[in-house]
Amino acid sequence: MILTKEQQAILDGEQGETLAKVMKTLVMYGDAFEAEKLVPITSKYNHLVTSFGLKVMSPVYDLMQQLLDADVCSDQKFSVDPRPIDKNVPANFLQNLVFNKFMYTKQGFYEEQLEKLGLMDKNAFSCTCYMDEVGNKPQKGDVLSWAESSAVVYANSVLGARCNRNSGIIDIMGSIVGYVPYFGLLTDEGRKATWIVKIQTTKKPEAQLLGSAIGMKVMEDVPFVMGLDKWIGNELNDSACAYLKDFGAATASNGAVGLYHIANLTPEAVELGETLIAEGAKEYIIDDAELERVKNNYPVIWKNPKAEPKLCFVGCPHLSLEQLKDWTEKIEAALKKNGRKKVTLNTVFTAAPGVLEAFEKTKYSKRLKATGVITSYICPLMYMNNPLCKKMPVITSSNKLRTYTSARYYTDAEILTKITGGKF
Amino acid sequence: MKQFKGRVVTPGEVTAEAIVTKEGFNTLASFQMALQFGDKEVKCGDQSNKELYGKSMLGKALCLPQTIGSTTGGLVLYCACSMQKNPACMLFANHIDSLAAAGAVLADVWVDGITMPVIDSLGDEFLNYVKDGMKITVKADGTVEVE
């Protein structure tokens, strides 16, 4: 890698040993991809993936402390993934004990570290930092040092920013030196599609199921998706963006997709069309049967696979304001149809603190509350991430949550039926 | 015995028993429960990975195509190395992905006394040949012996 004089000086330790180690990390990281240079970060804000003060992650907090002690911080402020706990979310005595006394005992300490390192504000905890209510939305062409797989794939694909699937810690290290290695999704060549995905379903495919199928097939490659605009339109409105948010999160967690192009919809696909497709791209056809095959192949690891669900999570990644309104109307209608007033199991909808504040100001907030649904800012994945939850039958329409926990996946329509007491 | 030649991502020499997955290795899903709740054998917790689920990863030669999933992957690997709960080595059939590379580099630069050789680009033939329980020897130049 060819470094500028300034970068080489940092690597040589002229600004201290800790900053030299940060630069060495970025150079070695870039060398693994034959990156020829480091390029400047141009986004206003950064986004970090590590939001949780898990006792077991002490090595991470020790490293952050090394950065703070050496006064090696970034001028760039950042948002961060959701907080892991919220007293509004149902938990029994034992769960509360495990959360507060064993698992997240470092939460307060780590949040103090985040504030010192440059957290945007006390509400900047969400995986959907790019939403208007959160305020970390990069411009097309911006170079980022973000982590959080669902945010990276959204920023690349829907916003047209440029970011590799950086790991936690690498995210803040890039921001500290102000540069990231130039490889992969930062380059024009790396943004070319090596898969053509043809959608041939007879109805609008479920976003999280379609994303899962594509992620598992293409792994870390870039897919160019044809035929989806027929179902979600060719305008990046609230509805299409919410669909792509959920779709992308599934591609990134069930596979390792960092960028997708949707024909006639996402910015680069609109601008460059099929010239984005690399020579020799492979083809994947998705029809109703393929989606059914993928869904039926998900393992169910509940102790009793026939157990009645005890808890439902919707909102991984966090819901948008429009999604919260849409769910409110659907739940009200389904409850009315089923002759009920309240949801039949503990149901938690998660969204960014800023989105929840905006939702509180709408007429929908009281209506959703009246159905018994609880809203929260937490990360459902972090909530589920313990053996007690593994014993509890939890359902979700998030394919990301299914991947990392024992939660069982159902489509949005099936979730609606389940929580409103309807029958399949 | 068969030899394969790969590219050295982080250096080292080691001999260990192979565990093999031909699917993408989800680092967070595989390590999270084991690290959090002190599983001494560091058993793979990824329910979606039928080849590795429930198998011990500690001190093994982890043979895989690439890692997938959450961008916490690199820091999870870094934590595993810091806590000495890491595989003996990681052997990638494909070019290494950004998350695994981050984990390997973070461990190499920031963890004292750790040696976890990481070799990539070993090819599909490597992954087709190697089976669970085989003896793996990693040489400093990226040569991997399988027997």
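The values are calculated or read from the model by the stated rules, or taken from the named source; none is laboratory data. If you're wondering where the values come from, they're calculated on a predicted model, not measured in any experiment. Reconstructed Cβ throughout: ideal geometry from the backbone, glycine too, with neighbour counts over all protein chains shown. For the accessible areas, the whole protein counts, side chains as well, though only heavy atoms, and no ligand, DNA or RNA atoms are used. Shrake-Rupley method; radii C 1.70, N 1.55, O 1.52, S 1.80 Å.
Tabulated data
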read-out: Protein accessible surface hidden between A and B, which excludes ligands and nucleic acids, total in Å², probe 1.4 Å; value: 3900 Å²
read-out: Listed residues A:Tyr182, A:Tyr383 arranged by accessible area, highest first, probe 1.4 Å; value: A:Tyr182, A:Tyr383
read-out: Shielding by partners - mean other protein chain Cβ count within 10 Å, residues of A:245-256; value: 3
read-out: Chain A, relative contact order [Cα under 8 Å, separation at least 6], %; value: 17 percent
read-out: Out-of-range pairs (alpha-carbon distance over 29 Å; input A:Lys77/A:Lys363; A:Lys330/A:Lys361; A:Lys217/A:Lys336; A:Lys101/B:Lys85; B:Lys43/B:Lys131); value: A:Lys77/A:Lys363; A:Lys217/A:Lys336
read-out: Label-point separation, B:Asp112 to A:Asn88 (7 Å along Cα→Cβ), nm; value: 4.6 nm
read-out: Accessible surface of A:Phe109 - all protein chains present, 1.4 Å probe, nearest 10 Å²; value: 90 Å²
read-out: Solvent-accessible area per residue for chain B (1.4 angstrom probe, square angstrom); value: 33 Å²
read-out: Mean-position separation - Cα centroids, the stretch A:369-383 and the stretch B:1-50, in angstrom; value: 34 Å
read-out: For the stretch B:52-70, residues shielded by at least 50 square angstrom of accessible area compared with the chain on its own, probe 1.4 Å; value: B:Gln66, B:Ile68
read-out: Between helix A:58-69 and chain A: long-axis angle, C-alpha atoms, 0 to 90°, nearest 10; value: 40 degrees
read-out: Förster-model FRET efficiency, 56 Å R0, A:Lys336 and A:Lys116, C-beta, rounded to 0.05; value: 0.65
read-out: Local electrostatic count, A:Asp121, Cβ distance below 13 Å [Lys/Arg +1, Asp/Glu -1]; value: -2
read-out: CD proxy at 222 nm, helix term only [per DSSP H run n ≥ 4: -39500 (n - 2.57); per residue of chain A; nearest 500]; value: -11500 deg cm²/dmol
read-out: Potential extension, A:Lys101-A:Val300 segment - 0.36 nm per residue separation minus Cα distance; value: 68.7 nm
read-out: Mean Cα-pair separation over length for the stretch A:1-102, i.e. relative contact order, pairs under 8 Å, 6 or more apart, %; value: 27 percent
read-out: Average beta-carbon neighbours from other chains, 10 Å sphere, peptide A:165-177; value: 6
read-out: Additional length obtainable on full extension of the chain from A:Glu6 to A:Glu274, 0.36 nm per residue less Cα span; value: 92.5 nm
read-out: Charge sum, other residues only, whose C-beta stays under 10 Å from A:Ala256's C-beta, Lys/Arg counted +1 and Asp/Glu -1; value: -2
read-out: Full-stretch length increase - A:Lys366, A:Ala307 - with 0.36 nm per residue and alpha-carbon distance subtracted; value: 18.1 nm
read-out: Whole-number percent relative contact order across the stretch A:206-279, with pairs defined as alpha carbons under 8 Å at least 6 apart; value: 44 percent
read-out: A:Tyr104 accessible area, assembled protein chains, probe 1.4 Å, Å²; value: 10 Å²
read-out: Two-site FRET efficiency, A:Asn264 against B:Lys131, from Cβ-Cβ distance with R₀ of 51 Å, rounded to 0.05; value: 0.65
read-out: For chain A, built as a Gaussian network whose Cα springs stay under 10 Å, the top-fluctuating residue of A:Ala70, A:Ala151, A:Ala124; value: A:Ala70
read-out: Fraction of accessible area attributable to carbon and sulfur, the stretch B:2-146 (%, probe 1.4 Å); value: 49 percent
read-out: The stretch A:1-111 shape via C-alpha gyration tensor axes, a/c threshold 1.5; value: prolate
read-out: Environment charge of A:Lys390, counting only residues whose C-beta is closer than 15 Å and scoring Lys/Arg +1, Asp/Glu -1; value: +4
read-out: Cα centroid separation - the stretch A:278-308 against the stretch A:97-172, whole Å; value: 29 Å
read-out: Label-to-label distance, nm, for residues given as A:Lys77 and A:Lys204 (7 Å Cα→Cβ offset); value: 3.6 nm
read-out: Chain A, accessible area per residue, ligands and nucleic acids excluded (1.4 Å, Å²); value: 40 Å²
read-out: Using a Förster distance of 35 Å, the FRET efficiency for A:Ile374-B:Met1 (Cβ separation, nearest 0.05); value: 0.05
read-out: Anisotropy class of the protein assembly as shown from Cα gyration tensor, a/c 1.5 cut; value: rounded
read-out: Burial of 30 Å² or greater, the stretch A:283-311 residues [accessible area, probe 1.4 Å, versus chain by itself]; value: A:Pro299, A:Ile301
read-out: Nearest-10 value in Å² for the accessible area of A:Val257, using the 1.4 Å probe; value: 0 Å²
read-out: Separation in nanometres of the label points that stand 7 Å from Cα toward Cβ, at B:Val14 and B:Asp141; value: 2.2 nm
